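**Q** Below you will find the structure I want to go over with you.
The values are calculated or read from the model by the stated rules, or taken from the named source; none is laboratory data. Only a predicted model underlies this, so the values are computations on that prediction, with no experimental measurement involved. Don't worry about glycine lacking a Cβ; one is built from the backbone with ideal geometry, like all the others, and counts go over all protein chains shown.
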Amino acid sequence: MTAAPAVKDPKGKRASAPVKADALFHYVLALADDALILGHRLSEWSGRAPMLEEDIALSNLGLDLIGQARLFYAYAGEIEGRGRDEDALAYLRDEHAYANLLLVEQPNGDFAVTMVRHLLYAAFVHPYVQALQQSRDVRLAEIAAKAVKEMAYHVRHASEWVIRLGDGTEVSHGRAQTALEELWMYTGEMFTLPESERRLLERGIAPDRMAIKPAWDATLDRVLAEARMQRPADRWMQTGGRAGRHTEHLGHLLAEMQVLNRAHPGAKW
């Protein structure tokens, strides 16, 4: 691992501070994996969305996330210092080397599943990157500043669709409610703090995940009330994505996403 990255001192100036590069690498990699996997999921709607306007919108949302993933992967490669660039980190790792949230790898299902999944994720990530803008890590703060406006739109877009579906017909309401209940068990992982991330939190590099929860709760409560949907009761939560323990869905997704790069390693367009 390389030396510690530049960080801000309490007055906002650049300074160096002892940061364990291995912990920072895995933290940044996990953020990249979240964005890449969900970005790929949204890209699966290209040419298949319910209407042309939404086909374009979902493609753009996916591109936002893939753009964020590229920035995180590039930084992770610099931290690691082993010559792996964004393409190597995205396409040349095996399933258990990915640290994404289980939520983002879940299949698209019908349109209600996709919109509910996106709302659950975006409602967390938007306040999270808002807080990450204050990170003492200069690069993370810069990436977060770019992502904030994008994720604000993601929340708005997903919210409007969940309200439209939930407050729509009996069929659309039922599908949206079922999607929420089936995806709910993956939401707890967003607020789980790995021990390595705890050290970054103590040094002002990573935001406190639990401190984000009130904002997430407020967004969901507002949207679900307008959608006439019932928030599921908190129960046992499914975790393991951060530790590389994934559902069967990730392997299938990676096989499709990585096939070209693995079939033609090092190919240039």
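**Q** How many residues are surrounded by 13 or more Cβ atoms within 10 Å (Cβ to Cβ) and closer than 25 Å to ARG164 by Cβ if we restrict to region 191-223?
**A** Result for region 191-223: 6.
**Q** Let me ask something else about it. When region 213-242 is examined, which residues are found to be over 30 Å from GLU170 (Cβ atoms), in contact with a His (Cβ under 9 Å, 6 or more places away or on another chain) and part of a helix (DSSP H, G or I)?
**A** Within region 213-242, ALA215, ARG242 qualify.
**Q** Given (1) at positive phi; (2) out of contact with any Lys or Arg (no Cβ under 7 Å at 6 or more places or on another chain), identify the lone condition not met by GLY204.
**A** If we test GLY204 against (1) at positive phi; (2) out of contact with any Lys or Arg (no Cβ under 7 Å at 6 or more places or on another chain), just (2) comes out false.
**Q** Quick check on my filter: what residues within region 172-212 are part of a helix (DSSP H, G or I), closer than 19 Å to ARG117 by Cα and not hydrophobic (A, V, I, L, M, F, W, C)?
**A** SER172, HIS173, GLY174, ARG175, GLN177, THR178, GLU181, GLU182, TYR186, GLY188, GLU189, ARG209
**Q** Out of (1) modelled with pLDDT of 95 or more; (2) surrounded by fewer than 19 Cβ atoms within 10 Å (Cβ to Cβ); (3) in contact with a strand residue (DSSP E or B) (Cβ under 9 Å, 6 or more places away or on another chain), the odd one out for LEU63 is which?
**A** Among (1) modelled with pLDDT of 95 or more; (2) surrounded by fewer than 19 Cβ atoms within 10 Å (Cβ to Cβ); (3) in contact with a strand residue (DSSP E or B) (Cβ under 9 Å, 6 or more places away or on another chain), the lone unmet condition for LEU63 is (3).
**Q** Kindly indicate which of GLU78, GLU53 is over 19 Å from the mean Cα position of the chain (by Cα), modelled with pLDDT of 95 or more and not hydrophobic (A, V, I, L, M, F, W, C).
**A** Selected residue: GLU78, the only one of GLU78, GLU53 that is over 19 Å from the mean Cα position of the chain (by Cα), modelled with pLDDT of 95 or more and not hydrophobic (A, V, I, L, M, F, W, C).
**Q** Given the criterion crowded, with 23+ Cβ neighbours inside 10 Å and closer than 19 Å to PRO50 by Cβ, identify the matching residue among VAL125, VAL116.
**A** None of the other options fit; the residue is VAL116.
**Q** Step by step: first the residues of region 224-258, then only those that are touching a residue at least 12 places away in the same chain (Cβ under 8 Å), farther than 17 Å from GLU182 by Cβ and over 22 Å from the mean Cα position of the chain (by Cα), then the one that is surrounded by the fewest Cβ atoms within 10 Å (Cβ to Cβ). Which residue is that?
**A** Ranking the qualifying residues of region 224-258, first place goes to ARG228.
**Q** Please note which helices (runs of 4 or more DSSP H) are completely contained in region 71-140 and include at least 2 residues that are out of contact with any helix residue (DSSP H, G or I) (no Cβ under 7 Å at 6 or more places or on another chain) and under 30 Å from GLN177 (Cβ atoms).
**A** The helices (runs of 4 or more DSSP H) meeting that bar are 111-132.
**Q** Here's something else I'd like to know. Which one of these is exposed (fewer than 15 other Cβ atoms within 10 Å of the Cβ), touching a residue at least 60 places away in the same chain (Cβ under 8 Å) and closer than 17 Å to PHE72 by Cα: ALA141, ALA131, ALA97, ALA145?
**A** Testing whether each residue is exposed (fewer than 15 other Cβ atoms within 10 Å of the Cβ), touching a residue at least 60 places away in the same chain (Cβ under 8 Å) and closer than 17 Å to PHE72 by Cα leaves just ALA97.
**Q** Of the residues ALA144, ALA131, ALA97, which single one is within 26 Å of HIS249 (Cα to Cα), out of contact with any strand residue (DSSP E or B) (no Cβ under 9 Å at 6 or more places or on another chain) and among the small types (Gly, Ala, Ser)?
**A** ALA97
**Q** Another question, then. Considering only region 27-41, I want to know if a residue exists there that is surrounded by fewer than 19 Cβ atoms within 10 Å (Cβ to Cβ) and not polar (S, T, N, Q).
**A** Within region 27-41, none of the residues are surrounded by fewer than 19 Cβ atoms within 10 Å (Cβ to Cβ) and not polar (S, T, N, Q).
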